[in-house]
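Below is one structure; the comments refer to it alone.
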Amino acid sequence: MTAVIMDGNAVGKAVRGRLAARVQALAKRGVTPGLAVILVGENPASRVYVRNKVKACTDTGIHSVLVEYPADATADTVLGRIRELNADPTIHGILVQLPLPPHIDVDDVLATISPSKDVDGFHIESLGALLAGKPDFQPCTPHGVMEILDHYEIPLSGRNAVVVGRSNIVGKPMALMLLGRDATVTICTSKTRDLAAHTRNADILVVATGRPRMVTGDMVKPGAVVVDVGINRDADGRLVGDVDFDSVKDIASHITPVPGGVGPMTITMLLANTVVSAERAAG
Ligand code: NDP
């Protein structure tokens, strides 16, 4: 059996097409969705991510503002700008690109973003809403995974879902979203004993560890749906996931590739959250 490749580029394109129609409807009411992206420092990967986000906004008809600061900018400067953007009616979403330089407290920064403009879904209020089963803005990467699973009509209710990784931006919200759809969810971490015993029990396996190709074919149940969130560079500089695609693709029923799987969905869901925020502001 060779797995169905779940194509994040295609799913993302379909979602963005629907978003563009909603952006046009807003334009008729005189509203242009606006996203502010704050970048502090010179991290080259962050620069690429920010550039891609700004381009995706332009392509979808969303107005974007890029606010850049040098690595030695003070926390007060960044927090002050976030407060201004909170009050700016032309801005519907505010995103601070992570990681931040170590002298800036990430929790302070995330807490200063107005929950009504928290399009990354990282504010403690947004995460709490998800925990309480009343999601508002949801973190974009796991939200994008759910879109992919729905696009490929993967049943979730009552099935065993295993999430490997427990970060606040991927693993934990992923587990809550699957739980919210009535999957039976297990979260594995670096402390889990006998990881393979858990992963082999998964009907749906989501891997977000940052460990290149760590999940191999022998760790996957035949017919499982495998979602690879990882983005890593191997020794040859190629992008690889946390799943060993070559050995898993003949065991799984469905699998996301890297690149071209979850990655394109993350930006798409950021655009989606920004459009939702603009629609709310427009009443
Ligand atoms: P973090 O480093 O914040 O978290 C990694 C998690 O994996 C931790 O919970 C850690 O456990 C767990 N882990 C590490 N090693 C093992 C192991 N051997 N067995 C089981 N669990 C393990 O990473 P992120 O969640 O931010 O990102 C994960 C991956 O997803 C990265 O490759 C990142 O680049 C990618 N990513 C991709 C995005 C996309 O758009 N596609 C967006 C965001 C991230 P513990 O808590 O015990 O340390």
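The values are calculated or read from the model by the stated rules, or taken from the named source; none is laboratory data. Not measured: the values here are computed from a predicted model. Counting neighbours? That spans all protein chains shown, and the Cβs are built from the backbone with ideal geometry, glycine included. SASA here: full protein model, heavy atoms, side chains in, ligands and nucleic acids out. Shrake-Rupley method; radii C 1.70, N 1.55, O 1.52, S 1.80 Å.
Of all residues in the stretch 177-212, those satisfying the criterion of being under 20 Å from the mean Cα position of the chain (by Cα) and more than 12 Å from N160 (Cα to Cα) are M177, G180, C188, T189, V207, A208, T209, G210, R211, P212. Each residue in the stretch 109-122 was checked for being touching a Ser or Thr at 6+ places or on another chain (Cβ under 9 Å) and surrounded by fewer than 22 Cβ atoms within 10 Å (Cβ to Cβ), and 2 pass. Return the residues of the stretch 217-266 that are surrounded by fewer than 22 Cβ atoms within 10 Å (Cβ to Cβ), in contact (Cβ under 8 Å) with a residue 40 or more places away in the chain and in contact with a Ser or Thr (Cβ under 9 Å, 6 or more places away or on another chain); say none if nothing qualifies. Once the filter is applied, which keeps residues that are surrounded by fewer than 22 Cβ atoms within 10 Å (Cβ to Cβ), in contact (Cβ under 8 Å) with a residue 40 or more places away in the chain and in contact with a Ser or Thr (Cβ under 9 Å, 6 or more places away or on another chain), the stretch 217-266 yields P222, G223, K249, D250. In the stretch 178-194, the residues that are without any contact (Cβ under 8 Å) to a residue 60 or more places away in the chain and assigned to a loop (DSSP other than H, G, I, E, B) reach residues that are within 11 Å of the ligand (Cβ to nearest atom) and open to solvent by 80 Å² or more (accessible area, probe 1.4 Å) with C-beta atoms within less than 6 angstrom, at least six apart or across chains, in these pairs: T189/R166. Identification of strands (runs of 3 or more DSSP E) wholly contained in the stretch 1-117 with 1 or more residues that are more than 23 Å from the chain's Cα centre (by Cα) yields 63-69. Evaluated against (1) surrounded by fewer than 19 Cβ atoms within 10 Å (Cβ to Cβ); (2) modelled with pLDDT of 95 or more; (3) small (G, A, S), G283 falls short on exactly one condition, (2).
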